[in-house]
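A.B. asks: I'd like to ask you about the structure that follows.
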Amino acid sequence: MLFKTISIFAALSLATLAAPAYAFEHSTSIASQEVVGYSDLNIESAPGATALLNRIKRAARRVCGPRPDVRDLQDTQFFESCIAGATTQAVAAVGNPLVTHLFGGNNETALMAVRN
């Protein structure tokens, strides 16, 4: 049986997505990883690719969490940037055109940067 997994990784480098001073302040708290399995999914089909994308997004929220208080704009911005970066990296790691398409055309530039 072939096991298909990807790692969702919120790395210290994701801290650079936020304001530099803020990123430095919070960089030590970001270093988490979660493995997402998808050997049970047919990612060549829309339902399978959608299910994988949902798993990736949930895992990204967990590794970047916990969700900050919405009144704390800096923490909320950092949290959202972490999720976006972790999700983009995971989708690029999968390398499936349908998953990439469902992730969204607006993210194509970010995906190309991660792949190179």
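The values are calculated or read from the model by the stated rules, or taken from the named source; none is laboratory data. Remember, predicted model here, so these are calculated numbers, not experimental data. A quick note on method: Cβ atoms are made from the backbone with ideal geometry, for glycine too, and the neighbour counts reach across all protein chains shown.
Okay, residues lined up against (1) surrounded by 17 or more Cβ atoms within 10 Å (Cβ to Cβ); (2) at pLDDT 90 or above:
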| site | (1), (2) |
| --- | --- |
| Asn54 | no, yes |
| Asp69 | no, yes |
| Thr76 | no, yes |
| Phe79 | yes, yes |
| Ala92 | yes, yes |
| Val99 | yes, yes |
| Phe103 | yes, yes |
| Met112 | no, no |
| Arg115 | no, no |
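A.B. asks: Of everything in the range 6-52, what is in a helix (DSSP H, G or I), modelled with pLDDT of 75 or more, within 18 Å of Thr88 (Cβ to Cβ) and out of contact with any Phe, Trp or Tyr (no Cβ under 7 Å at 6 or more places or on another chain)? Give them in sequence order.
C.D. replies: Correct list: Ala49, Thr50.
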